[in-house]
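A short worksheet on the structure shown next.
Please treat every number below as a calculation from the coordinates, not as lab data. Small disclaimer: the values here were computed from a predicted structure and weren't measured. Glycine also receives a Cβ, built like all others from the backbone with ideal geometry; neighbour counts cover every protein chain displayed.
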Amino acid sequence: MQMRLKWPLLGLFLTVLVFSSATGVLAAPYAAMVMDARSGEVLHSRNADTRLHPASLTKMMTLYVAFQAIERGEINLDTIVRISKKSAAEPPSKLGLKPGQKIKLRYLIRAAAVKSANDAATAIAEAVSGSEAAFARRMNRTAKALGMTRTTFKNAHGLTEGGHLSTARDMTTLGRHLFYDFPEYYNLFSRRSTDAGVRAVANTNRKFLGSYRGADGIKTGYTRAAGFNLVASAERGNERIITTVFGGRSSSSRNAKVAELMNLGFRRAPSNARIAKPNKPSVGPAPVRGAGKTIRVVRAPKKSLVPVPRPLRGVDAPNAEVLVAMAKTIEEAVTAAHIEPPPKPKPEKPTIAVASLIPSLKPRPKPEPAAEEVVVASLAPITAPVPRPETAVTETEVAAETIAEPERVVVTRMSTSGNRHWGINVGRFTTRYEAERVLLRTALIELGVLDTALRKVASSTRGHDANFVGMTQQAANRACRRLSARNIECSTFGPT
């Protein structure tokens, strides 16, 4: 009779073992950490530095980088994101996005934080960095800056991938940074449900949020390799505790374990502790999308590329080179080139001869015509000296006329600028930094047609317009056609 009972028991044991292995229950080691969020003091830990599969706890870093990009002006909540085939093909849990579908970034963030949607997480990565691989590299740089020393990310959603690992300590650290670094977005993690644009979605952590007093986040995670994971935060009075559990055997047993550790944390934490916020990582300038690996392209120019007007060498006497350039014929230019520069007037004399404004081979004792007449004379062939006027010209009068007149000549020459009074607008933005970034990116994309145009940000109460100016009407129209062909917003404008 005893032998007959052993075989059924053995069969039952093997059945449980196979079922547990298939569901991933026995595949995930257990790890946990309890931290006082105010001071960062560790109140309890077990296997806290063991590298394990984080599952969808990964989305905490995905959202942290997205919040960081919004703060730096790289993207905004109302940015329209076009869903790629890769994003739409991600396995559940998912929002159900379709290839080519357009949706605002704010809805993708809600879906990733509340629904833990994998397709939304991948779409966020591609919207911020252009590709999930580039986004994963940025996640790793951010993790290092936060002090997450034993974490490596390979994707934005947390599905099992070789080398995609983290620890209970690192995830607890990340949860604390989310709370202190981006308090304006932290309320996302406590929502029981939310509007994700295409539909309303329920929170994967709603059972713990509804059962544990003071709970307000943060993120769940589950894969067969990881088991049931949770980073939770709760506040009671002046105390806030963050608890992380890796490798739960079910969502209910995991929630019970987290509640037990939370109670332990509240018992051990002091009632009044000094708040020591973690240091927010400092990051470099926002990366320029589409710049590739050429580092020189993304650097800010050390010198202005705007042409500097040629300075006037003298307002009282144009030099020989200027007179040569102003000559109408080759013969006049050759003749003027051999003229010696006029002698400088002596300041001690009561009167000054204006003849120095027109070079001559012989010294002229009599003054030349007034400055208004000199402008015309400088453009005409050199003629015989003008007789001395009966009225003497004082030094003050000559200086005033001479200084004012060359300015009129310069303005007259600048008026023949080839009708470069047209420009194009490539968008209006909320920050000046974002407008300048779009101008640089657009100039790099269409370097051929925008090479001679000047980048200018026009700021007003309505926003910051990104403009290219200093173009002819034909060049502006051609640039807009090329940009529109690349699906880049563009409109022309002319002189008012």
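Placing +1 on each Lys and Arg Cβ and -1 on each Asp and Glu Cβ, with no other charges, gives the range 158-271 a dipole about its Cα centre of roughly 460 debye.
Averaging the sequence gap over all C-alpha pairs within less than 8 Å and six or more residues apart, then dividing by the number of residues, gives the range 424-496 a relative contact order of 40 percent.
For ALA125, what is the net charge nearby, where nearby means another residue's Cβ is under 12 Å from its Cβ and Lys, Arg count +1, Asp, Glu -1? Net charge in that neighbourhood comes out at +1. Counting only Cα atoms, the size of the range 118-219 along its three principal axes is 35, 33, 26 Å, in decreasing order. Applying 1/(1 + (r/R0)^6) with R0 = 45 Å to the Cβ-Cβ distance of ILE445 and ARG199 gives a FRET efficiency near 0.80. The alpha carbons of the range 23-268 occupy a box of 51, 37, 32 Å along the principal axes, longest dimension given first.
Projecting label points 7 angstrom from Cα along Cα→Cβ for ARG267 and SER211 puts them 2.0 nm apart. Extension gain, ARG224-SER252: 0.36 nm per intervening residue step, less the Cα-Cα distance, totals 8.5 nm. R0 = 30 Å: FRET efficiency of THR152 with GLU71, Cβ-based, nearest 0.05? My answer for the efficiency is 0.75. In this simple spin-label model, placing a label point 7 Å from the Cα along the Cα-to-Cβ direction at both VAL42 and THR431 gives a separation of 3.5 nm. Of ARG462, ARG206, ARG106, the sequence from fewest to most neighbouring Cβ atoms within 10 angstrom is ARG462, ARG206, ARG106. Set the Förster distance to 51 Å, then compute FRET efficiency between LYS86 and ASN238 from the Cβ-Cβ distance, nearest 0.05. Calculated value: 0.65. Compactness of the range 422-493 was expressed as the Cα radius of gyration divided by 2.2 N^0.38 Å, which yields 0.99. Residue pairs exceeding 20 angstrom between C-alpha atoms, taken from LYS94/LYS219; LYS86/LYS144; LYS115/LYS207: LYS86/LYS144.
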